[in-house]
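Participant: Dumping the structure here so I can ask a few things about it.
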Amino acid sequence: MNTGLTKKIAIGLLLAAVGGAGIWWAVAPKKMSATERYATTAVERGAITQTVSANGTLNPVVLVSVGSQVSGIVENIYADFNDKVKAGQVLLKLNPALNRAQLEQSEANLASAKSSLELAKANETRNRDLYAKEYVTRQDLDASIQALKAAEAQVALTRAQVARDRTNLSYTVIRSPVSGVVVSRDVDVGQTVAASFQTPTLFKIAQDLSKMQIDSSYAEADVGSIRIGQPADFRVDAFPNRVFHGVVHQVRLNPTTLQNVVTYDVVVSVDNPDKVLLPGMTAYVNIAVAQRKDALLVPNAALRFHPSDASPQKDVRKHEAVKDEGQGSGTAGTVYVLKNGQPRPVRVMIGITDSRMSEVLGNNLKPGDKVIVSDRQAAQAASERRGMRLF
């Protein structure tokens, strides 16, 4: 073989090896010391509140639907949206022509029935005298007595019809049953109100907007921890920077199932003295279901951390080897602390938790212990691998 060619091949292989080593050195993760590699946070004591969240709708505590018991054409309207009304105040009038005519007909029937009653009384009295003188038979007397009773019954019947028609005539004037604020008006002048099959809703009146309630839907997984009297905080879109407060008033037993998801209506009582909260607003509710004043706290990130270079089997053996001393009741978890430059698992029992911290029960950790929350070297290596894929 040509000596020059052999030398060129050898030089090419050497350059390729050097280039490959350079690339490997560039992309290989840089070795960090334990204190550089692992980000830690000290265990501390503090207050923690566990909440459950759901959306709900603000409603008046008492919302009265005002309807009509008779049919007719709307003749006048005396109340509109947002009007304050008093109990007994006239809200609307229907055209009373048909109802007045019906009343007049019933009154005429009553007058006729009274006239028939007077005649029946006279016949019964006359036949009783004639029967005493044996001028008529007992059958004639009994017939007159029966006619008198029928006439009395007819008078009672027509008198009831008059009372009914007089009441129906009064129903053409719609009055407010409560004092409050009109939040809905569903009719206009000239509209026909038909009350044949069901009572139509004409107005909705909120009795007191200074007292509101939130009807919220909580999943069955959360409702078991909700109790009457628990404090609740909520926000509304109209005032995104303001937190409002309420109290759990009721957990309704009637479940709602939608697409195999079961929820329960939790009613939260709300004071609304300045009346800035309006009916129908969407409320984002957080109910405080548990609180601790002086709990031992670890970040939730520490409970999620797992060493990237630890095999599951090896970690399980270490996990089982940790003593479980002085634990309370709660959910089992694992955090890692640095010992001799290596992350070591510590078994803990988790109490209540929020979105950032969790309560630790038992004696396996103490204030000041530093738990690992992230691996900087693993994060850097992952970032570099993503960067290489761009090429």
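Laboratory data are not the source of any read-out in this text; all were calculated from the coordinates shown. Note that the coordinates shown come from a computational prediction; the quantities given were computed from them, not determined experimentally. Ideal geometry is used to build each Cβ from the backbone, glycine not excepted, and the neighbour counts take in all protein chains shown.
Participant: Around residue 191, under 14 Å between beta carbons, what's the net of Lys plus Arg minus Asp minus Glu among the other residues? If you can, show how the numbers build up before the last one.
Facilitator: Numbers: positive: 93, 185; negative: 75, 186, 188.
Local charge sum for residue 191: -1.
Participant: Can you give me the long-range amide H partners of residue 62? Hydrogens built in the peptide plane at 1.01 Å from N, cutoff under 5 Å, separation of 5 or more residues or another chain.
Facilitator: Answer set, sorted by chain and number: 207, 208.
Participant: What are the ³J(HN,Hα) couplings of segment 244-256, residue after residue, when phi is run through the Karplus curve with 6.51, -1.76, 1.60 and θ = phi - 60°? Round to Hz, x for glycine and proline.
Facilitator: Computed from phi, the couplings for segment 244-256 are 9, 10, x, 9, 5, 9, 7, 10, 6, 7, 7, x, 10 Hz.
Participant: Residue by residue, what Karplus-based ³J(HN,Hα) values in Hz, rounded to whole numbers, does segment 160-172 have, using 6.51, -1.76 and 1.60 with θ = phi - 60° and x for Gly and Pro?
Facilitator: 5, 5, 4, 4, 4, 5, 5, 5, 4, 5, 5, 6, 6
Participant: Then there is this: Leaving out same-chain residues fewer than 8 places away, which aspartates and glutamates sit with a Cα under 15 Å from that of residue 149?
Facilitator: Leaving aside aspartates and glutamates fewer than 8 places away in the same chain, those within reach of residue 149 are 118, 124, 140.
Participant: Then there's this: Enumerate the calculated ³J(HN,Hα) couplings along segment 289-294 in order (Karplus 6.51 cos²θ - 1.76 cosθ + 1.60, θ = phi - 60°), each rounded to whole Hz, writing x wherever the residue is Gly or Pro.
Facilitator: Whole-Hz 3J(HN,Hα) from phi for segment 289-294: 9, 7, 9, 10, 7, 9.
Participant: Suppose a student asked you for the relative contact order of segment 95-189, using Cα pairs under 8 Å spaced at least 6 residues apart; what percent would you report? If you can, show how the numbers build up before the last one.
Facilitator: On the way: 57 pairs, mean separation 41.6, N = 95.
With pairs under 8 Å counted, the relative contact order is 44 percent.
Participant: Shifting gears a bit: Sort 128-135, 105-112 by packing, meaning the average of other beta carbons within 10 Å per residue, with the highest value first. Before the final figure, lay out the partial values.
Facilitator: On the way: 128-135: 11.2, 105-112: 15.4.
Packing order, densest peptide first, comes out as 105-112, 128-135.
Participant: Now, a different point. Show which aspartates and glutamates lie in cross-link reach of residue 86 when reach means a straight Cα distance below 15 angstrom and same-chain residues fewer than eight apart are skipped.
Facilitator: Answer for residue 86, where 15 Å is the Cα cut-off: 208, listed by chain and number.
Participant: To continue, here is another question. Using alpha-carbon positions, what is the distance between the centroids of segment 220-278 and segment 36-69, in Å?
Facilitator: When both Cα centres are located, 8 Å separates them.
Participant: Here is a follow-up. Using per-residue counts of other Cβ atoms within 10 Å, averaged over each peptide, order 206-214, 93-101, 246-254 from highest down. Kindly include the intermediate steps, with their values, before the conclusion.
Facilitator: Details: 206-214: 19.0, 93-101: 16.8, 246-254: 14.3.
Highest-to-lowest ranking by the protection proxy: 206-214, 93-101, 246-254.
Participant: What residues qualify as long-range amide H neighbours of residue 290, i.e. H under 5 Å apart, gap of 5 or more or another chain, H built at 1.01 Å from N?
Facilitator: Long-range HN contacts for residue 290: 50.
Participant: Enumerate the amide H contacts of residue 178 below 5 Å, restricted to partners 5 or more residues apart or on another chain; note that Pro and chain-start residues carry no placed amide H.
Facilitator: Counting only residues 5 or more places away or on other chains, the set is 88.
Participant: Cα convex hull of segment 146-203: mean projected area in nm², to one decimal? Don't skip to the end; give the middle numbers.
Facilitator: Values: hull surface 25.4 nm².
About 6.4 nm², averaged over all directions.
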